[in-house]
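The values are calculated or read from the model by the stated rules, or taken from the named source; none is laboratory data. These numbers come from a predicted model, not from an experiment. Cβ placement follows ideal geometry from the backbone for every residue including glycine, while neighbour counts extend to all protein chains displayed. Ligands, DNA and RNA are excluded from the accessible area calculation, which covers all protein heavy atoms including side chains. Shrake-Rupley method; radii C 1.70, N 1.55, O 1.52, S 1.80 Å.
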Amino acid sequence: MTRFKEILKKHINIVIAAAIILPIVLIAVFHDRREKYPGALKLGSAEIPKTLMPYSSMASVNTFAAGLLYDTILGGVQEPDGYDGVNEYLFEDGAAFQPADEKENYFKFSDGLCETAGAYERKEGSDYGFITFTPTEEQYAAQLARKKIVKGKDEIGNPIAETDGQFAVRSEQAVPKDRWRTYRFKVRDGYMWSDGKPFTARDIEFTFKYILKYSGAIAGMAFFLSNYYSCEAESDTDFALTLASNKLSDIKTICNAIMIIPAHIWSGIAKPAQERNLNPVGTGAYTVKSSDYIEDSSVVFTFREDYDESLKREKFAYEPVKKIVLVKYADQDVMLGALQAGEIDASFDAVDESKVYAIADNPRYNKVKIASYESEYVTTLAFNVGKNGAFRDGNFNGNGKKIRMAIAYAIDQNRLIENVRYNNASRVGGGLVPEWMPHALRDGNGNYVHHSADAEKANALLDEAGYRADAAGKRNLSFSILASAGSELLAREIGAMVFETVGIEIGFTRADSQYSEVIKQSNGADFDMIINGVTFETDKLLMFDARFGVYPNGSPRVFNYTGVISAELSALMLLMDTETNIAAQYERARDVQRMLIDLCLEIPLFGAKAYSAYTEIGFSGWVRLQRGGVLNAYTYRYLQRK
């Protein structure tokens, strides 16, 4: 295996070494752009946003662009790399990092357009925060109507047979009858729109109502408002948001993901799906002119000269970078060469682990810095237990679960991490939540519960199921993993491992462009297994329900790729979702993880590490994060041109 990795590294080096010549060509290509924007922070990207719409896409480059131009109701606290949770961490200017008090501020909010206090339970003597109440019959009926919950019809209007009792259960699954919340927020001073108009609470009210009005065109944002009931700007500085929900975490994505847009501009835009927004008006520190947007080539963000001085002092330790240029590059090899040559200052895109492996200790890339960080993303192997899946109920004489468990015990994460991820990944427990998250599953001694390979248990389970190995060690079982071309090496390594351990043949089926549709249970998914991925961050506990839950009509949710339908699991997830105490909610999340391990629906393969590349040739002040790349709020605060 060592010889194989040396050959692989040599091969990769040959490929990307050729790219070291390309920056010479790129100098000519981008000469005029550099001369026009001296001192700019230049970021290489595989893609340039097709529009500057704040809601056009959830793709990271679109989110990045929108984040420079617009603001959200609240921000978030991120831990810098090197902060250990015990000792004081100092930034380069001597300022101490202020961690979030996770007992009080359990979502790790920071002030944004509004003050943080509005997102938490209202304290005595305060006018801000949430209160809990029981809705009137009229309010409850109105919310059912908004969600299209009608007796005798499903959510898309098809007739169904149901009793009064069944309708009552379906109704309360869709809309709870108690513990609704009204949040009251205060707008902070200093924010103005980039065209000079004042920003007020009325813009927030407008934003929510605009998203819901055009939910078909802005479906991603409308999803975050699925439990919205009402919003009212009580004045220019105060607004109240009512959610028809008893789920604690609903407010998280509303405050952190929805960019607020100006009413005086967007009230005249009736077709948001067609709007390119190339002269955006936002509250962010940067703006863009249409002349600085070159489609499929580059976009230039310019610091606002009219940006409020108090906000400027809050967000920037030194003079802000005046221009940020996002430039399209053909691929990562070219970007790495451009970084080495100082043509760009950072790669916007995360760098593949194979590239990181190849340039490590390589003198030809001695000016390229790599920042690694823990990602919340976990790569998994998911079984299809749906009605058309190989592991559906009743198949294998009712022994499907034993076969799944045998495959799980045959998976050696350490081998996958070494052979597929070049040792750049971490082990993850069967609960699918990485060790560093506060709701990770632990045993009675407080130790993280890892996934463990056990060949003896794996073979014993298959023997019990009646699938005994022949003289050659082969069992009369064969499956296929459906996955993208990029996951072929991983799929084949799993197949080799499982065959060597228990004698089950597992092949690889390359997915086509319709992959995202064919794996949906609603489309009759008939795969055996897929290479999948999950993230269950503390502010995304609702993802458990999205991945393993069902709709009120009993069918699997759209992202429930395994097709599991379990009333017991759904009930447990509902308890977790509606728990009002954060510590108790985390404990319910651990209960959910224990049940997922028992059901053996999805096996963790590894927790990914992510990598960002940058160079210190042109700028100093880069700040690394424990869980994020170098393009972050701290870096923007401390960057200085050399």
What whole-number value in Å² describes the accessible area per residue of the chain for a 1.4 Å probe?
45
Among bridges DSSP assigns within segment 120-263, what percent are antiparallel (round to 5)?
95
The chain: calculated mean residue ellipticity at 222 nm from DSSP helix runs of at least 4, using -39500 (n - 2.57)
-9500 deg cm²/dmol
DSSP beta bridges in segment 374-609, what fraction antiparallel, as a percent rounded to 5?
65
Points 7 angstrom from Cα along the Cβ direction at Glu92 and Leu212: gap in nanometres?
4.6
Segment 374-609: radius of gyration and largest Cα-Cα distance (Dmax), Å
17.2, 57
Step through the residues of segment 124-132 one at a time and calculate ³J(HN,Hα) from phi using the Karplus curve (6.51 cos²θ - 1.76 cosθ + 1.60, θ = phi - 60°), rounding each to whole Hz and writing x for Gly and Pro.
4, x, 9, 9, 10, x, 9, 10, 10
Square roots of five times the C-alpha gyration tensor eigenvalues of segment 537-642, ordered largest first and given in whole Å, equal 40, 16, 12
For segment 40-85 versus segment 285-311, the gap between their alpha-carbon centres in whole angstrom
14
Work through the residues other than Phe396 whose Cβ is under 11 Å from its Cβ and net out their charges, Lys, Arg +1 and Asp, Glu -1.
+3
Which residues does a label at Arg392 reach in segment 549-570, if reach means a backbone N under 17 Å from a point 7 Å past the Cα toward the Cβ?
555-557, 561-566
First measure r as the distance between the Cβ atoms of Glu275 and Phe133, then evaluate 1/(1 + (r/R0)^6) with R0 = 56 Å and state the FRET efficiency to the nearest 0.05.
0.90
Just to compare against my own numbers: the Cα pair-distance distribution for segment 344-392, 10 Å bins, whole % per bin, please.
18, 34, 17, 16, 12, 3
Taking r as the C-beta separation of Arg557 and Val169 and R0 as 22 Å, the FRET efficiency to the nearest 0.05 is 0.80
Classify segment 412-544 as rounded, prolate or oblate, taking a ≥ b ≥ c as the square roots of the eigenvalues of its Cα gyration tensor: rounded when a/c is under 1.5, otherwise prolate if a/b is larger than b/c and oblate if not.
oblate
Eigenvalues of the alpha-carbon gyration tensor of the chain, times 5 and square-rooted, give semi-axes in Å, largest first, of 40, 36, 22
Above-threshold pairs, the threshold being 22 Å between Cα atoms, out of Lys401/Lys474; Lys151/Lys387; Lys108/Lys209; Lys50/Lys271; Lys148/Lys209
Lys151/Lys387; Lys108/Lys209
For segment 374-609, what % of the accessible area comes from carbon and sulfur atoms, probe 1.4 Å?
46
Show me the ranking of peptides 498-505, 246-253, 465-472 by mean Cβ neighbours inside 10 Å, starting with the highest.
246-253, 498-505, 465-472
Percentage relative contact order, the chain, counting C-alpha pairs under 8 Å, at least six apart:
18
Percent antiparallel among DSSP beta bridges confined to the chain, rounded to 5, stands at 80
Report the local net charge at Ser60: Lys and Arg +1, Asp and Glu -1, summed over other residues whose C-beta lies under 13 Å from its C-beta.
-2
If packing is taken as the average number of other Cβ atoms within 10 Å across a peptide's residues, how do 114-126, 91-103, 198-210 rank, most packed first?
198-210, 114-126, 91-103
